[in-house]
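Working notes for the structure below.
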Amino acid sequence: MATDKKVFYATGRRKTSAARVFLRPGSGKFMINGKAADQYLETAAARSSMLQPFQVTDTNNKFDAHITVSGGGVTGQAEAIRHGVSRALIAADASFRGPLKKAGFLTRDSRMVERKKYGLHKARKSTQFSKR
């Protein structure tokens with residue numbers, strides 16, 4: 001599967017978040033921006049979202065991850081990490097591509113916040129219409 005002492009790198013993105021993921025064979029330690037994963041991602045949903053690629057490929061506790069993530073909020077960062085981990089796992093072993101693709105973890109979710117337009121209150125909200 002993975003060669004000895006090799007580092008696998010990938011970038012994951014979601015909304016305005018970008019995560020740089022460095023995977024190396026190990027025992028399952030996660031460091032996100034210098035903190036342990038459960039300290040950085042406080043919600044259980046965010047942590048489970050981040051770990052889904054390992055469950056799909058059946059590689060729990062086989063890789064250590066060093067992750068730097070910036071931009072966005074908790075959910076966007078967690079899903080950016082998931083995207084990056086999925087890409088890094090493919091760099092580690094190309095046979096993981098099928099299960100990860102089927103689970104939908106390789107597709108970059110391109111949905112972004114729509115920008116505000118001039119003359120409107122928000123992206124689409126307008127002033128109340130009055131005939132008189």
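Considering only residues in region 74-94 that are among the aliphatic types (A, V, I, L, M) and crowded, with 24+ Cβ neighbours inside 10 Å, the one that is farthest from the chain's Cα centre (by Cα) turns out to be 89. Between 5, 62, the distinction of being modelled with pLDDT under 95, in contact with a Gly (Cβ under 9 Å, 6 or more places away or on another chain) and either of a type in the set (Asp, Glu) or closer than 15 Å to residue 92 by Cβ (or both) belongs to 62 only. Cβ-Cβ distances below 8 Å connect the following pairs, each with a first residue in region 58-79 that is at positive phi, a second residue that is surrounded by fewer than 18 Cβ atoms within 10 Å (Cβ to Cβ) and assigned to a loop (DSSP other than H, G, I, E, B), and a separation of six or more residues or different chains: 61/27; 61/28; 71/16; 72/16. Taking residue 47 as the residue in question, decide whether it is without any contact (Cβ under 8 Å) to a residue 60 or more places away in the chain and in a helix (DSSP H, G or I). When the stated conditions are applied, residue 47 passes them.
Does residue 78 satisfy the condition of being over 18 Å from residue 107 (Cβ atoms) and aliphatic (A, V, I, L, M)? Spelling it out, it is not the case that residue 78 is over 18 Å from residue 107 (Cβ atoms) and aliphatic (A, V, I, L, M).
Test residue 111 against the stated conditions and say whether it is among the charged types (D, E, K, R) and within 14 Å of residue 8 (Cβ to Cβ). So residue 111 fails the test. Residue 109: surrounded by fewer than 18 Cβ atoms within 10 Å (Cβ to Cβ), touching a residue at least 40 places away in the same chain (Cβ under 8 Å) and within 18 Å of residue 33 (Cα to Cα), yes or no? Against the criterion (surrounded by fewer than 18 Cβ atoms within 10 Å (Cβ to Cβ), touching a residue at least 40 places away in the same chain (Cβ under 8 Å) and within 18 Å of residue 33 (Cα to Cα)), residue 109 does not qualify.
Give the residue that is surrounded by the most Cβ atoms within 10 Å (Cβ to Cβ), with candidates limited to residues of region 50-62 that are of a type in the set (S, T, N, Q) and assigned to a loop (DSSP other than H, G, I, E, B). Applying the filter and picking the extreme gives 59.
Checked against (1) modelled with pLDDT of 95 or more; (2) assigned to a loop (DSSP other than H, G, I, E, B); (3) of a type in the set (A, V, I, L, M), residue 18 meets all criteria but (2).
The values are calculated or read from the model by the stated rules, or taken from the named source; none is laboratory data. Predicted model, so just to flag it, every value in this text is computed and none were measured. Neighbour counts are summed over all protein chains in view; Cβ atoms, including those assigned to glycine, are modelled from backbone coordinates with ideal geometry.
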